[in-house]
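Beneath this line is the structure, given in structure tokens, with notes to follow.
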Amino acid sequence: MYLTEEQLLIYKEQGFLLLSEYISRTEVGIVKAELSALSTEKSPRKILEKDGKTVRSLHGLHTKNDVLNCLTRHPFIVEPAMQIVGNQVYTYQFKANLKAAFTGDIWKWHQDYIYWHKEDGMPRPQVVNAMCLLDDMNEFNGPLFVIPGSHKEGMINIMAHNSRLTNTNSDTSGDNPAWVSSFSANLKYSVNQELVTNLVSKYGITLIKAAAGSVLFFDSNIVHASSNNISPFGRSTVIVTYNSIENIPLPVQNPRPDFLVSQDYRPVIPVAPDALSQFSSVKV
Ligand code: SIN
Ligand code: MN
């Protein structure tokens, strides 16, 4: 399913494009059932919230699970990704952010590309996120906040802006490997309050409110965040990041695990539009 010229222009201008109720409820149910089963397994791919028991996120499961792999190859998602990136793409990252009712924690203000560039050696921001909503996202359950147009700032030099601050943003405490600080509520490269204030006064602020099945494509340099979920409504999402096959990361000193930064650079071949719905959501 390809985007129209008008949709591509909206994406370029505001740095995101929301396609409402884009994949079916059946497909959403199938993906949710799979994530729910996988979230009970013990795995290094699983990040917990600060309470030490609620699942915050699951990583790289598309290489382990046929249903999730099929989602990354859904033509409704991968065809727009190829258009946006302007090339064939491979799946760079797959993560499920579960943001559980009552306990799901925040994602601080940040840009994504700075992680991929500094930690993983990605040469250019020729990459796109597709956030698939598996629950309705509303004012109450910790929706995504975005600063529309902020991607036009490019990668912000966080270090220069933060050098005046005494505390560091990175959470490398305890037994966790260093990369966990990119997925905890205390993000490594978060954008400080002064900068967020300036960006919001320049560009404004909006939240993504949409029904389950909606898909949000967003730019790797858009400044975004989300608040915690104190509501009784879960807010689960899958974010698939597609990188251009001509934007392969350069070698870095401490590469992150393969389940965070895929080294499988084969182009994603879209499946048939009904392939995902062929899986049954009923477990026997
Ligand atoms: C992210 O920035 O990667 C996640 C944001 C969210 O799930 O709210
Ligand atoms: Mn992000």
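The values are calculated or read from the model by the stated rules, or taken from the named source; none is laboratory data. Predicted model, so just to flag it, every value in this text is computed and none were measured. Counting neighbours? That spans all protein chains shown, and the Cβs are built from the backbone with ideal geometry, glycine included. For accessibility, only protein heavy atoms count, side chains too; no ligands or nucleic acids. Shrake-Rupley method; radii C 1.70, N 1.55, O 1.52, S 1.80 Å.
Structural remarks
- For segment 10-265, the relative contact order is 38 percent, taking Cα pairs closer than 8 Å that sit 6 or more residues apart in sequence and dividing their mean separation by the residue count.
- Considering only Tyr92, Tyr11, Tyr203, the Gaussian network model of the chain with Cα springs below 10 Å gives its largest mean-square fluctuation to Tyr203.
- The Cα atoms of the chain define a convex hull whose projected area, averaged across directions, is 14.5 nm².
- With DNA, RNA and ligands ignored, accessible area of Ser280 (1.4 Å probe; Å², nearest 10): 80 Å²
- Choice from Ala37, Ala130, Ala178 showing the highest fluctuation, given a GNM over the chain with Cα pairs closer than 10 Å: Ala37
- Cross-link partners of Lys152 among aspartates and glutamates, defined as those whose alpha carbon lies under 15 angstrom from its own and excluding same-chain residues fewer than eight positions apart: Glu13, Asp112, Asp219.
- Against the criterion of solvent-accessible heavy-atom surface with a 1.4 angstrom probe, Trp116, Trp109 sort, most first, into Trp109, Trp116.
- Percent accessible area from carbon and sulfur atoms, segment 77-155, protein chains only, probe 1.4 Å: 53 percent
- Here is how the number arises for the chain: DSSP H runs of 4 or more residues each give -39500 (n - 2.57), the sum is divided by the residue count, and the result at 222 nm is -6500 deg cm²/dmol.
- Within the full protein context, the accessible area of His151 is estimated at about 30 Å² for a probe radius of 1.4 Å.
- Derived scalar couplings between HN and Hα for segment 251-256 equal x, 10, 5, 10, x, 6 Hz in order, rounded to whole Hz, by the Karplus curve 6.51 cos²θ - 1.76 cosθ + 1.60 (θ = phi - 60°), x for Gly and Pro.
- With 30 Å as the limit on Cα-Cα distance, the pairs of Lys32/Lys118; Lys53/Lys108; Lys108/Lys209 that go past it are Lys32/Lys118.
- Local net charge near Gln88, Cβ-Cβ under 13 Å (Lys/Arg +1, Asp/Glu -1): 0
- Of Arg25, Arg45, the order by accessible heavy-atom surface (1.4 Å probe, DNA, RNA and ligands excluded), from most exposed downward, is Arg25, Arg45.
- When each full DSSP H helix of the chain is screened for a Cα extent of at least 18 Å along its own axis and an average Kyte-Doolittle hydropathy of at least -1.0, the helices passing are 25-38.
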